[in-house]
Amino acid sequence: MASNSETSVAAAWGGRIGQLVLSLFALIAVTFVIGRLLPTDPVGAIVGELASPEAYAAMRERLGLDQPVVVQFGRYIWNLLHGDLGVAALTGRPVTEDLALAFPATLELATLAVIISFVLGVPLGLAAALNRDSWIDQFARIISLVGHSIPVFWFGIVGLVIFYAGLGWVGGPGRVDVYFEGLVPSVTGMILIDTLLAGETEIFWNALSHIILPALMLAYAAMAYITRMTRAFTLEQIGQDYVTAAKAKGASPARLLFRHILPNISVQLVTILAISYGGLLEGAVVTEIVFSWPGLGQYMTSALLIGDMNAVLASTIMIGVVFMTLNFLSDIAYSMLDPRTQEKR
Amino acid sequence: MNGTTLSRPRPMANAWGTLHSFFGELRREPLGFIGLMLIVALILVAILAPWIAPYSPSRQSLSEVLQPPSVAHWMGTDEFGRDILSRLIWGAQITMRTVLSVTAIVGPIGLLIGVTAGYFGGRVDAVLMRITDIVLSFPSLILALAFAAALGAGLGTAIIAISLTAWPPIARLARAEALIVRNTDYVAAARLYGASNLRLLTLYIAPMCIPSVVVRLTLNMATITLTAASLGFLGLGAQPPMPEWGAMISAGRRFMLDQWWVAVMPGFAILFTSLAFNVVGDALRDVLDPRHTKN
Amino acid sequence: MTDTKEILTVQNLDVTFARSAMKAVAGVSLSLGQGKVGIVGESGSGKSTLGRAIMRLLPPSATVTASKLTFDGNPLLSQSEREMRALRGNRMSLIMQDPRYSLNPVLPIGRQVAETAILHKGLSKSAARAVAAEMLDRVRIKDVARVMESYPHQISGGMGQRVMIAAMLLSRPRLVIADEPTSALDVSVRGEVLELLNELVTADGSSLLLISHDIRMVASFCDRIVVMYKGRIVEELSRLSDARHPYTLGLIAAMPDARHPVHRLRVPDRATFDATERSGSPA
């Protein structure tokens, strides 16, 4: 029995990993195609318009553009696997180095946002479902409708206008005030952690005052989604017989919620968490511009505007890989946390 | 829909009728009704822009640069002295054109892929759905960005870029519907008297999948509005001086701390548009999906 | 069995669901002492709603009114929710149709049975587990230790229903409402589950309200049969042979009888019942 279940679990994992690998391969293929769609001539861009045909051909050969497409694609993947994503015209440095600098900033922002959205969204969704059609349900409905409809970059601007320019409650754009910049050695690349590691509490609080507004603004859209899903999951459970059975045993509403309903939706909530995390990474791209946050989004859009495709495609792959890995992890979490998906007799 | 409390599953053959009675149903769903009115108003504004905009969207006036909202300029003026309200009214045309174009591209493509996969099943289904799942797993905004960057910025590129990543949910839905319809008696009957695959697909199966595809498309319109605005904001959508709402916010960002209205006003236009689509989509889903109904 | 003391008294009970003009249960009166009473009717007759109304387990959209609804001296309709919770699972309990749905899918069996003990006996977790194990043994579950660690999807339907019975009878309630306790089970285990339920309620001195659509099963099992149709009680009998109302006769005829095999079972004729209902008295 045990060996049988182990093989089926292994097969399920194998299938999921296969799907992940296939998706990653497709993503890389798509970026490769996008790279070749470019109307600009990469060779001409390097050698200049006045170069001799021989110099042009030499550069073309050096870039490998004289090879068949399949060979070029193979080389593209080969380079990717070796962490060679080319040089960014934007900074003149290898793209990998740029990504290593930018990614932690985005990760920090998205992580804080996902925590905020979960801490606010789950209780709101639960309260709405348990008090159906009450004022709190209506409130949750409006909150989540607006959250689904608001352009996140605009929301950031409104937030800055009100809370930074108007009320002065939070720090402005950037990760810290100008005079604190560069004072803390980068260890993790996440400024809240780095300042704590360095024992710089003053800078920590300053950094917190800078990150809190973009994180809140970014969290809102995710919270709208989490609230809505939590409400739907909970309503689905409330109608189930096991809830009636627990009531018939004399369980209190709190017990119903924490001992019966929450364990049943926790797996779904983990899935939602992973999906929102991925969504937040996307949202971060536009939010970062508003808040001059030196993350992937800022990097990618700066590169976009000058047509630096190496940087753009590398960022796309980076975000795509994280996005897909999160989806994959949520799948795995599902099969690990739910007793129903484990071995059957 | 005669007010019975029982929520019975609706047979697909009934779906056209349901869509038809949707307007009657909306009356009981005041929020959805308001949303629908907003969309109608928006379409009217887009069509009638030349007549109702108080100023030309491109009329510059150096003496009226960055004016706050006033009686003459209800929403103020931008850095070239252009009337923001007039630009928003003209911008409705761009938004509507984007939303409708993407919908017109994505709807048929998604329907075709989904219905084909669902009808033929087997290997065709496996291949098509695998592709769909892969595209579904992409971060769509990022991919749209990369596409738009490669193809060169512009409204047309933005529409293509959004469409490229927006069809998978439609295909999945159409497939699910086709799987149900494929096994109905009337399809079997048509097959018995010798109808060809093409005939079955186009005349018997696809029409049955359209109602739910329409609902899904409506829900998608909010997302399309937001994605289009994001692309515009990033400088990858409609180019200045076109009064695209996202691009207007981007331009106004430079003045946001002192002349807030330049960046803030267009945001309201985006917010209300996607809110209207969301509200109508929700109401539509409530009507068509009994599990979501109240009571 | 004789009705020495009334445990449950129902007078003129009405149940209405929001937005619906029709009463799901209308003017039902019923009294129950120690013993077994069966409520029979087809689906939609209001029999399950009646059972849940007594336990006050209907959703908020339902309105329950009655000129009298007393259980063991407690006026149920005026009890607070907290007082009701002290009764439910303790002095009155409910066994539902399908253990696949009425057991919490993500909690181990042991915890679901022990829950009653924690709630009503004020026991610690480990003491409650011991009581639960005892109770599972009483419902004749072998290998109790393993079953307690299992999840509902890992056990059979018949065993699931015995687990449900263990959880619901753990505190030896005065009244057990069993709502179609065997209809979702495999035919081969229905008899033993019913037998077990009978044995336990008799041993504990509990009263049983057995709700079912199977009039012959109820007749062979209960002291009294209450027949419901469209939310009303149409007839109350102690033996099937006393049946007068055409609906009751229809229900009897619609059920196969091993002693009198017929070529074709009769389909009840609704027009006649409704006519009888309108005229007010059994024909």
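For the protein assembly as shown, the antiparallel share of DSSP beta bridges with both residues in that region comes to about 55%. Compared with the dominant principal axis of the Cα atoms in chain C, helix C:109-121 is inclined by about 90°. For the options C:ASP143, C:ASP204, C:ASP223, a Gaussian network treatment of chain C with springs between C-alpha atoms closer than 10 Å singles out C:ASP143 as fluctuating the most. Helix C:187-204 and the long axis of chain C differ in direction by around 80°, with both axes built from C-alpha atoms. Between C:GLU199 and C:THR65, take the C-beta separation as r, use R0 = 30 Å, and let me know the FRET efficiency to the nearest 0.05. The pair C:GLU199/C:THR65 has a calculated efficiency of 0.25. Other residues with beta-carbon under 10 Å from the beta-carbon of C:SER102 carry, at +1 per Lys or Arg and -1 per Asp or Glu, a net charge of -2. When you restrict to C-alpha pairs under 8 Å that are six or more residues apart and normalise by the size of region A:193-284, the relative contact order lands at 36 percent. When each full DSSP H helix of chain A is screened for a Cα extent of at least 24 Å along its own axis and an average Kyte-Doolittle hydropathy of at least 1.6, the helices passing are A:95-130.
The 3J(HN,Hα) values that the Karplus relation (6.51, -1.76, 1.60; θ = phi - 60°) gives for region C:61-72 are, in residue order, 6, 8, 10, 10, 10, 7, 6, 7, 9, 10, 10, 6 Hz. Gly and Pro appear as x. Taking Lys and Arg as +1 and Asp and Glu as -1, the other residues whose beta-carbon sits under 11 Å from that of C:VAL189 total -1.
With a cut-off of 11 Å between beta carbons, the residues surrounding B:THR116 carry a summed charge of 0, where Lys and Arg count +1 and Asp and Glu -1. Note on C:LYS142: lysines with a C-alpha under 27 Å away, same-chain residues under 8 apart excluded, are A:LYS249, A:LYS344, C:LYS121, C:LYS125. In chain A, the sites counted are GluC sites (Glu not before Pro) in DSSP loop states with at most 14 other Cβ atoms within 10 Å, and the longest stretch holding none of them, exclusive of the sites, is A:182-342. Long hydrophobic helices in chain B: the complete DSSP H runs spanning 30 Å or more by Cα along their own axis with mean Kyte-Doolittle hydropathy of at least 1.0 are B:30-52, B:84-120, B:206-233, B:260-288.
Relative to a virtual label point 7 Å from the Cα of A:LEU197 in the Cα→beta-carbon direction, which members of region A:71-114 show backbone nitrogen distances below 19 Å? Residues A:97-112 qualify, since their backbone N sits under 19 Å from the label point. With the helix formula -39500 (n - 2.57) applied to DSSP H stretches of n ≥ 4, the protein assembly as shown reaches a computed 222 nm mean residue ellipticity of -19500 deg cm²/dmol. Restricting the chymotrypsin sites (Phe, Trp or Tyr not before Pro) of region B:186-295 to loop positions (DSSP other than H, G, I, E, B) with no more than 16 neighbouring Cβ atoms within 10 Å leaves B:TYR193. Applying the criteria of a DSSP loop state and at most 16 other Cβ atoms within 10 Å to the chymotrypsin sites (Phe, Trp or Tyr not before Pro) of region B:53-130 yields B:TRP74, B:PHE80.
Helix C:270-279 and the longest principal axis of the C-alpha atoms of chain C enclose an angle of approximately 70°.
Where a number appears in this text, it was derived from the coordinates with a stated rule and is not lab data. In this text, all values refer to a predicted model and were calculated from it rather than measured experimentally. Cβ atoms come from the backbone with ideal geometry, glycine included; neighbour counts cover every protein chain shown.
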